[in-house]
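The values are calculated or read from the model by the stated rules, or taken from the named source; none is laboratory data. Here the structure is a predicted model, which means the values were calculated and not measured. Heads up, the Cβs are rebuilt from the backbone with ideal geometry, glycines too, and the neighbour counts pull from every protein chain shown.
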Amino acid sequence: MKRNAGLSTKTVIRKLFFYIALIATVFFFMMPIYHFATMSIKTEVDAFASPPKWFFVPTFEHYKSVFGEIDYTRSLLNSIIISFCTVLFSLVIGLPAAYSLSRLKFKVKNAILVWILSTTMLPPMSIILPYYLIYMNLHLLDTRTGMVIIYFTLALPLTVWMMKTFFDDVPLALEEAARIDGCSTFGIFMRISIPVVSHGIMACAVFSWITAWNEFLFGLILTRKFAKPATVGIMMFSRFEDIKWGSIAAGSVTIMFPVLVFSFFMRKFLIQGLTKGALKE
């Protein structure tokens, strides 16, 4: 009995330390988000008060200032359009490519997979100059098309690698049964394989969206005014004369909010998609 009681006490203490560490970690990572969220509804005086004010009268003047700027609302619309197109094209091209690499057998398949993965290893700063020169010659600077192309190339390798894993887990017996019934290869892909890996598709969509939505460097260098994304457009509130911290905080919340909402509603598919691909059924 004493031994069982001792084990139980050790288990309780271990769980207690685990939950304390978990709460401390969540608090550590949530503090910047909380700070910017509260700064966006504080006055300038309350935002920089020392000691910090935990209780204050909220104001939405910063949000009115942010959405009153036509250039920033255009940047926000650009991010929405560019991110949506990035997700669409990465899935339309990535899904057939991943399915082909999963089902076809040829000598250089592993080399192609390594080459696709190697494209993600280059730091963005090392390839920004070639992109700039190419875009300048093709007249793609400061265009939504140019931004979709570059964000699509960033999201496509991850889509291909993730979806190949999911297609590998699809039982071949399902496809063989469909082929016996007279279904074509494209029909098997659309009617059998795609529905089975739907959770993986949702997971790839989330990652592709976040990749395009949060990117900053390419948007900063390759855009000027018309195709500027929201991550770059928020810099307009930092001027030589002054820095509008409240407007910057409000703009940061508007950039962060769609990602949080999108991830929240897709969390079921995201978790199931990430875990399902790691298990053999």
Say whether the condition of being without any contact (Cβ under 8 Å) to a residue 12 or more places away in the chain, among the polar types (S, T, N, Q) and assigned by TED's automatic domain parsing to the domain that holds ASP142 is met by at least one residue in the range 42-53. no
Tally of residues being among the polar types (S, T, N, Q) and either crowded, with 23+ Cβ neighbours inside 10 Å or farther than 25 Å from VAL160 by Cβ (or both) across the range 208-230: 2
Residue satisfying condition, being in the same structural domain as GLY233 (by TED's automatic domain parsing) and either surrounded by 16 or more Cβ atoms within 10 Å (Cβ to Cβ) or of a type in the set (Val, Ile, Thr) (or both), within set LEU104, LEU91, LEU77: LEU91
With the condition being modelled with pLDDT of 85 or more and either out of contact with any Leu (no Cβ under 9 Å at 6 or more places or on another chain) or of a type outside the set (Gly, Ala, Ser) (or both), I'd like the helices (runs of 4 or more DSSP H) fully within the range 1-109 carrying at least 3 qualifying residues. 2-39, 61-67, 70-103
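Being in contact (Cβ under 8 Å) with a residue 40 or more places away in the chain and in a helix (DSSP H, G or I) is the filter; apply it to the range 238-253 and report the residue that is surrounded by the most Cβ atoms within 10 Å (Cβ to Cβ).
Looking at the filtered set, the residue picked out is GLY251.
Please go through the range 61-96 and give me each residue that is of a type in the set (Ser, Thr, Tyr) and farther than 15 Å from MET202 by Cα, ordered by number.
If the condition is that a residue be of a type in the set (Ser, Thr, Tyr) and farther than 15 Å from MET202 by Cα, then TYR63, SER65, TYR72, THR73, SER75, SER79 are the ones that fit.
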Residues that are of a type in the set (Val, Ile, Thr) and in a helix (DSSP H, G or I), drawn from the range 214-237: ILE221, THR231, VAL232, ILE234
With ILE134, ILE128 as the choices, which residue is under 24 Å from TRP213 (Cα atoms) and in contact (Cβ under 8 Å) with a residue 24 or more places away in the chain? ILE128
When you check ALA98 against the structure, is it in contact (Cβ under 8 Å) with a residue 40 or more places away in the chain and under 30 Å from ILE192 (Cα atoms), yes or no? yes
